[in-house]
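Asks: Got a structure for you, written out below as structure tokens; questions coming shortly.
The values are calculated or read from the model by the stated rules, or taken from the named source; none is laboratory data. Computed from a prediction, not measured in an experiment: that's the story for all the values here. Note that each Cβ is placed from the backbone with ideal geometry, even for glycine, and that neighbours are counted across all protein chains shown.
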Amino acid sequence: MKLSVKVLLAATLCLFATGAWALTVDDITYMTEDYPPLNMTGEDGTPTGLAVDVLVEIIHRMGGTKTAKDIQVLPWARSYNEVQKTPNTCLFSMTVTEERLPMFKWVGPVHVLSFDAVALKSKGLKAASAADLVDLRAGVIRDDQGDNLAKEAGIKNIDRVPSNDQNIKKLNEGRIDIWIYSITSAKTLVGEMGFNPDDYESIWNLSRSDVSFAFHKDVDDELIQAMQKTLDEMKADGTHAEILKKYGL
């Protein structure tokens, strides 16, 4: 009996030593939001989009079994809070900023995202600089990069909501003047809601930033490095470019 216990203990120590129980891509909980064409909910309820396709390809190349159906689509504020406090979590697609850099571990970039002051063309709003936005009523997603940019621009009246359906509704009803979002994504969303995308325009570009996969800061460095290496290989062999092309980017 004593010999069996010793053998079991030795085997356990061997597993730890060889990294057999090391963190894998399947051990991560992946979260995203509706932000087309990067990430969105498909007609069948399964997450889809540029970043979703990239992530699933990374997982499969690394021997994982998770699919798009394993990705949770959540309100941004909720998932942003979750990835900061819960180990082994990942949130995407997150804009990389100086403030956020030390808060997470990163794999990317996946794409470059534009943040615009989106307005109805019929309103005839014009902006020659960010200063022209200060007195306008701006709709943003709470804790999103658009929220941060609105504050940095000095906009006095910021209306924070959990979903873009509310921003679109308020913009169309004249309850906000501008919506801080990517003009490309904005046109996709308004089209999905039955509005004419050509009725909307960017009156000012606030930022162009890299977006990446953000991981809880305690996720194993070896896993982060392996995922980054896999993404780099996808860019080198043309897979990443093919995914961009699939979504018209």
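Asks: Please work out if T230 is more than 19 Å from A77 (Cβ to Cβ), outside any loop (DSSP other than H, G, I, E, B), hydroxyl-bearing (S, T, Y) and modelled with pLDDT under 95.
Replies: no
Asks: Taking into account only those residues within segment 146-167 that are under 20 Å from the mean Cα position of the chain (by Cα) and hydrophobic (A, V, I, L, M, F, W, C), which is farthest from L133 (Cα to Cα)?
Replies: The selected residue is V161.
Asks: Also: So, S182, is that one under 17 Å from the mean Cα position of the chain (by Cα), over 15 Å from V52 (Cα atoms) and among the polar types (S, T, N, Q) or not?
Replies: In short, yes.
Asks: Here is a list of conditions, (1) out of contact with any Gly (no Cβ under 9 Å at 6 or more places or on another chain); (2) surrounded by fewer than 17 Cβ atoms within 10 Å (Cβ to Cβ), and E222 meets all of them except one; can you say which number that is?
Replies: With respect to (1) out of contact with any Gly (no Cβ under 9 Å at 6 or more places or on another chain); (2) surrounded by fewer than 17 Cβ atoms within 10 Å (Cβ to Cβ), E222 is out only on (1).
Asks: Identify, by number, the condition in (1) in a strand (DSSP E or B); (2) touching a Leu at 6+ places or on another chain (Cβ under 8 Å) that N205 doesn't meet.
Replies: The number of the failed condition is (2).
Asks: Which condition from (1) out of contact with any helix residue (DSSP H, G or I) (no Cβ under 7 Å at 6 or more places or on another chain); (2) not assigned by TED's automatic domain parsing to the domain that holds A77 is the one that E233 breaks?
Replies: Of the numbered conditions (1) out of contact with any helix residue (DSSP H, G or I) (no Cβ under 7 Å at 6 or more places or on another chain); (2) not assigned by TED's automatic domain parsing to the domain that holds A77, the odd one out for E233 is (2).
Asks: Related question: Which of the following residues is within 22 Å of D147 (Cα to Cα) and buried (at least 18 other Cβ atoms within 10 Å of the Cβ): V54, V107, V83, V112?
Replies: Of V54, V107, V83, V112, the one residue that is within 22 Å of D147 (Cα to Cα) and buried (at least 18 other Cβ atoms within 10 Å of the Cβ) is V83.
Asks: Same structure again: For D218, are the conditions met, namely being acidic (D, E) and not in a loop (DSSP other than H, G, I, E, B)?
Replies: Against the criterion (acidic (D, E) and not in a loop (DSSP other than H, G, I, E, B)), D218 does not qualify.
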